[in-house]
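The values are calculated or read from the model by the stated rules, or taken from the named source; none is laboratory data. All values reported here derive from a predicted model rather than from experimental measurement. With ideal geometry, Cβ positions are generated from the backbone for all residues, glycine too; neighbour counts draw on all protein chains shown. Note: areas computed on protein heavy atoms with side chains; ligands, DNA, RNA excluded. Shrake-Rupley method; radii C 1.70, N 1.55, O 1.52, S 1.80 Å.
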Amino acid sequence: MQFTINRNLFIENLNNVMRAISSRAAIPILAGIKIDLFEDELILTGSDTDISIEIKLPASEDLTINSTGSIILTARFFSEIIKKLPGKDFSFEVTTGNQVRIKSENSEFTINGYDAETYPRLPEITDESAFLIGGKVLREIINETQFAVATQESRLILSGVHFTFDPDAIKAVATDSHRLAERKINLENGPKVTTDLIIPGRNLQELSRIIGEADPDVQVCPGENQVLFKIGNISFYSRLLEGNYPDTDRLLPIESTTTVEFDLAELSSALDRASLLTHAGRNNVVDLELDTENQKVKLTGTSAEIGNVEEEVSFRALEGSQLKISFNPDYLRDALRASVTDAVVMKFTQPLRPFTVTPNKADIQFIQLITPVRTF
């Protein structure tokens, strides 16, 4: 096999395929990248069995195909070579015994490849149940929920985001049992039938990066134990988590006794200052005191080793019963980072009951739940 290609074009697509390749691959061949060359296109494939990415590059003025074939190369080493080549273009040729010659200007590498027949086949997923979703919407809903998945795999199902795709809406829920993020966005052309998918959080993080800042159409093709996302010339396969996701709707409080509205930037800054001390201590906990009678809000952070910080936090509105509550500040900081408005409403019931964080605009369906910490 032999081809010549624009180096920047190749690197751009190589970087995306590398997202699916692990340096600690359980199957040694998966530490490699598969390169298939046909008469009209070049295909790059990477996989770690959890994520698989296939990218197709059609023949063009940037890609000249001389002879077809297939090869596997050690991905990390190959990637470093291509990135350090001196020229605008490079040539790639498989010679005898699966050896590969890579040439660019006055630089030439010869590296060992592997038989492409040893590479696992990608899942076959039909587009019978496929539907389209805007890349911007999908990326937004991923970024607003994925951070709340469980990182410990003691409850594997919680390491994924639970998506429900309806004909007119998409709903995503993530929880690690200490916090929860639920986002719902209306769709114009969702699937004809309701589709439930539980997708690992790490996979979604990589998908979000591939979608990027643009707004490409994303075709979602659900399979039996995999889901395929098609984004332009990129096919992104993700394993699905099997099992029943917990009924999280019952966790959301219906009523509240105390409500406070904060400016997002003001609360974030105060929380950062309080966290300076709590992060240094054994117990990463802050106290929030809501004095509705005197219309004051106080945030306190204490470290037995260093000292304490106390700050009055400005707010937009405060009503209801007096309340003092303790919680992990990192959970609230993550919630504020995911917020989509410049102000948030926090609603409380009791000092040891979970509280909610929502946008200050009623038309945005986004609720986050944080469990407090018992300090006595």
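Of note:
- As a summary of the residue check, T4 satisfies the conditions (1) farther than 30 Å from I199 by Cα; (2) polar (S, T, N, Q); (3) open to solvent by 70 Å² or more (accessible area, probe 1.4 Å) except for the one numbered (3).
Quick grid of which residues meet (1) modelled with pLDDT under 95; (2) aliphatic (A, V, I, L, M); (3) buried (at least 18 other Cβ atoms within 10 Å of the Cβ):
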| position | (1), (2), (3) |
| --- | --- |
| F163 | no, no, yes |
| R179 | no, no, yes |
| K192 | yes, no, no |
| L197 | no, yes, yes |
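- Boolean, L44 is crowded, with 16+ Cβ neighbours inside 10 Å, closer than 20 Å to N203 by Cβ and modelled with pLDDT under 95: no
- Exactly one residue out of E61, E12, E80 is within 30 Å of N225 (Cα to Cα), surrounded by fewer than 13 Cβ atoms within 10 Å (Cβ to Cβ) and out of contact with any helix residue (DSSP H, G or I) (no Cβ under 7 Å at 6 or more places or on another chain): that is E12.
- Matching residues, segment 148-158, being buried (at least 18 other Cβ atoms within 10 Å of the Cβ) and of a type outside the set (V, I, T): A148, A150, L158
- Subset of segment 112-144 that is in contact with a Ser or Thr (Cβ under 9 Å, 6 or more places away or on another chain) and open to solvent by less than 20 Å² (accessible area, probe 1.4 Å) - its residue that is nearest to K83 (Cα to Cα): G113
- Condition met for V218 (open to solvent by less than 20 Å² (accessible area, probe 1.4 Å), more than 21 Å from F147 (Cα to Cα) and touching a helix residue (DSSP H, G or I) at 6+ places or on another chain (Cβ under 6 Å)): yes
- Per the listing F147, F131, the residue uniquely closer than 21 Å to H162 by Cα, touching a residue at least 24 places away in the same chain (Cβ under 8 Å) and in contact with a Phe, Trp or Tyr (Cβ under 9 Å, 6 or more places away or on another chain) is F131.
- Exclusive hit being within 18 Å of V149 (Cβ to Cβ), open to solvent by 80 Å² or more (accessible area, probe 1.4 Å) and of a type outside the set (G, A, S), set E242, E206: E242
- Matching entry among A274, A343, A270, A265 (being of a type outside the set (F, W, Y), farther than 19 Å from A148 by Cβ and open to solvent by 10 Å² or more (accessible area, probe 1.4 Å)): A265
- Applying the condition of being free of Cβ contacts under 8 Å to residues at least 60 places away in the same chain and open to solvent by 10 Å² or more (accessible area, probe 1.4 Å) to segment 346-365 and asking which residue is nearest to T300 (Cα to Cα) yields P351.
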